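The values are calculated or read from the model by the stated rules, or taken from the named source; none is laboratory data. Note that the structure is a prediction, hence the values are computed from the model and not measured. Because the Cβ atoms are built from the backbone with ideal geometry, glycine has one as well, and the counts that use them run over all protein chains shown. Surface areas here come from the heavy atoms of the whole protein model, side chains and all, with no ligands, DNA or RNA. Shrake-Rupley method; radii C 1.70, N 1.55, O 1.52, S 1.80 Å.
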Amino acid sequence: MKFVFKLFEPNKIFLITSRAPKYVMALFIIVISIGLLEALIFSPEDYKQSHSVRIMYVHVPAAWISLGIFSSMTFLSLSGYIFKNKNFFLISKSLASSGLVFNIIALVTGSIWGKPTWGTWWAWDARITSMLILALFYFMYLIAWRIYENKDYIFKITTLITLFGIINVPIIKFSVDWWNTLHQPASINILSKTTIHSSMLFPLLIMTAAFALFSLLIFLMKYNTELIKIKNKGLDRL
Amino acid sequence: MINEIINMNGYGLYVWSAFTFTLVSFVSLYIVTKAHYTKEKNKFEVKFGALDPKKAEVARSQVINREILSTTNNI
């Protein structure tokens, strides 16, 4: 296990993370361009929702990435706490801001989609409410890093926040099955049959890839910034 | 054709505002993140420049410090 941790030591990993953003950025621009063309022009309109269905191509990937980031943050925080590895906390912190932005995008685009579909901008529907709660956990996590000075205390608090927050993730996922909500049940399933047509699934997957690349780009920039911050403190101690 | 893309059967306002909000969020997050990165990097360069030659030699012996100094604009 120690060998694996050594591979991810900041000193070694910075050689990669400092050079990677420009390639990730180039790839992101290519993928998002294809995704936008597919989502806005080439994909068909829905027989029931007409063109408003196109909002799905930003709403759904944003929600997926936001949930994925929070789950990763929980895993990293817990691993960091168990193995006493500060780098895991640093990675987790670097992921948080893009997770929050994706969460807000999912809420706002969902609200915009709700108006023509349900006739309202907002409803205290189980999925919307649980997504709002996730945003609050993201806020608490980021605020904890800002207000506390003692690193050990920050590690404890942020791990606790992610552990409490992760309880909400399966609630978000299964809220449409457990309760009678305005949201329709999931159309894309890994274990059972996917009910979305391939002409809509393809742009959705392309946009998800683009969003994942963007979150990777922001993560790399944030992580590099955190490492330089540490090195700045190191220069003070010389 | 262009009118159809803009209007989208009356749903254009909703669709375009959702996509615009997403792109504006992306650009804002990128700008803020880059500004933080540039600020920390500039701070590092100023501090490094102020070190006396002996300390600078010690600092330069670390790969990560050399990498920070060499990557002038890597994003």
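The set of residues from the range A:176-225 being out of contact with any Asp or Glu (no Cβ under 6 Å at 6 or more places or on another chain), assigned to a loop (DSSP other than H, G, I, E, B) and β-branched (Val, Ile, Thr) comprises A:ILE188, A:ILE190, A:THR194, A:THR195, A:ILE196.
To keep it simple, each residue is scored yes or no on (1) modelled with pLDDT of 95 or more; (2) small (Gly, Ala, Ser).
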| site | (1), (2) |
| --- | --- |
| A:ILE82 | no, no |
| A:SER92 | yes, yes |
| A:VAL101 | yes, no |
| A:SER111 | yes, yes |
| A:TYR141 | yes, no |
| A:ALA144 | yes, yes |
| A:PHE164 | yes, no |
| A:ILE188 | no, no |
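Can you find a residue that is in a helix (DSSP H, G or I), crowded, with 17+ Cβ neighbours inside 10 Å and among the aromatic types (Phe, Trp, Tyr) anywhere in the range A:44-58?
Step one: list which residues in the range A:44-58 are in a helix (DSSP H, G or I), which gives A:51-58.
This time we only want the ones that are crowded, with 17+ Cβ neighbours inside 10 Å, so: A:51-58.
Next, only the ones that are among the aromatic types (Phe, Trp, Tyr) stay: A:57.
Yes, that holds for at least one residue.
Quick check on A:VAL108: is it open to solvent by 20 Å² or more (accessible area, probe 1.4 Å) and within 20 Å of A:ILE172 (Cα to Cα)?
Details: open to solvent by 20 Å² or more (accessible area, probe 1.4 Å): yes; within 20 Å of A:ILE172 (Cα to Cα): yes.
Spelling it out, A:VAL108 is indeed open to solvent by 20 Å² or more (accessible area, probe 1.4 Å) and within 20 Å of A:ILE172 (Cα to Cα).
Screening the range B:1-67 for helices (runs of 4 or more DSSP H) wholly inside it with 2 or more residues that are in contact with a Ser or Thr (Cβ under 6 Å, 6 or more places away or on another chain) returns the ranges B:12-50.
Which one is least open to solvent (accessible area, probe 1.4 Å), of the residues in the range A:114-126 that are assigned to a helix (DSSP H, G or I) and among the hydrophobic types (A, V, I, L, M, F, W, C)? That would be A:ALA126. Could you figure out which of (1) hydroxyl-bearing (Ser, Thr, Tyr); (2) part of a helix (DSSP H, G or I); (3) within 14 Å of chain B (Cβ to nearest Cβ) isn't true of A:THR129? Result: A:THR129 fails condition (3) only. Applying a threshold of 6 Å to beta carbon distances and a minimum spacing of six or more residues, or different chains, the list of pairs starting in the range A:18-30 at a residue that is facing chain B (nearest Cβ under 9 Å) and ending at one that is of a type in the set (D, E, K, R) reads A:SER18/B:GLU67.
Rundown of residues vs (1) in contact with a helix residue (DSSP H, G or I) (Cβ under 7 Å, 6 or more places away or on another chain); (2) buried (at least 21 other Cβ atoms within 10 Å of the Cβ); (3) in a helix (DSSP H, G or I), yes/no style:
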{"residue": "A:PHE70", "(1), (2), (3)": "yes, yes, yes"}
{"residue": "A:PHE75", "(1), (2), (3)": "no, no, yes"}
{"residue": "A:SER79", "(1), (2), (3)": "yes, no, yes"}
{"residue": "A:ASN87", "(1), (2), (3)": "yes, no, yes"}
{"residue": "A:ILE91", "(1), (2), (3)": "yes, yes, yes"}
{"residue": "A:LEU95", "(1), (2), (3)": "yes, yes, yes"}
{"residue": "A:ILE112", "(1), (2), (3)": "yes, yes, yes"}
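Look through A:GLU149, A:GLU226 and report the one residue that is over 24 Å from A:THR129 (Cα atoms), among the acidic types (Asp, Glu) and open to solvent by less than 80 Å² (accessible area, probe 1.4 Å). Being over 24 Å from A:THR129 (Cα atoms), among the acidic types (Asp, Glu) and open to solvent by less than 80 Å² (accessible area, probe 1.4 Å) holds for just one of A:GLU149, A:GLU226, which is A:GLU226. Could you give me the residue pairs with C-beta distances under 8 Å whose first residue belongs to the range A:156-180 and is under 15 Å from A:ALA96 (Cβ atoms), whose second residue is of a type in the set (D, E, K, R) and open to solvent by less than 60 Å² (accessible area, probe 1.4 Å) wherever it lies, and which are 6+ apart or on separate chains? Every condition considered, the pairs that remain are A:THR158/A:LYS93.
Could you list, in sequence order, the residues of the range B:11-50 that are under 22 Å from A:ILE230 (Cβ atoms), at the interface with another protein chain (Cβ under 7 Å from one of its Cβ atoms), open to solvent by 30 Å² or more (accessible area, probe 1.4 Å) and not charged (D, E, K, R)? Full working, then the answer.
Taking the range B:11-50 first, the residues under 22 Å from A:ILE230 (Cβ atoms) are B:32-50.
Subsequent filtering for residues that are at the interface with another protein chain (Cβ under 7 Å from one of its Cβ atoms) retains B:33-34, B:36-37, B:40-41, B:43-44, B:47-48.
Subset that is open to solvent by 30 Å² or more (accessible area, probe 1.4 Å): B:34, B:36, B:43, B:47.
If the condition is that a residue be under 22 Å from A:ILE230 (Cβ atoms), at the interface with another protein chain (Cβ under 7 Å from one of its Cβ atoms), open to solvent by 30 Å² or more (accessible area, probe 1.4 Å) and not charged (D, E, K, R), then B:HIS36 is the only one that fits.
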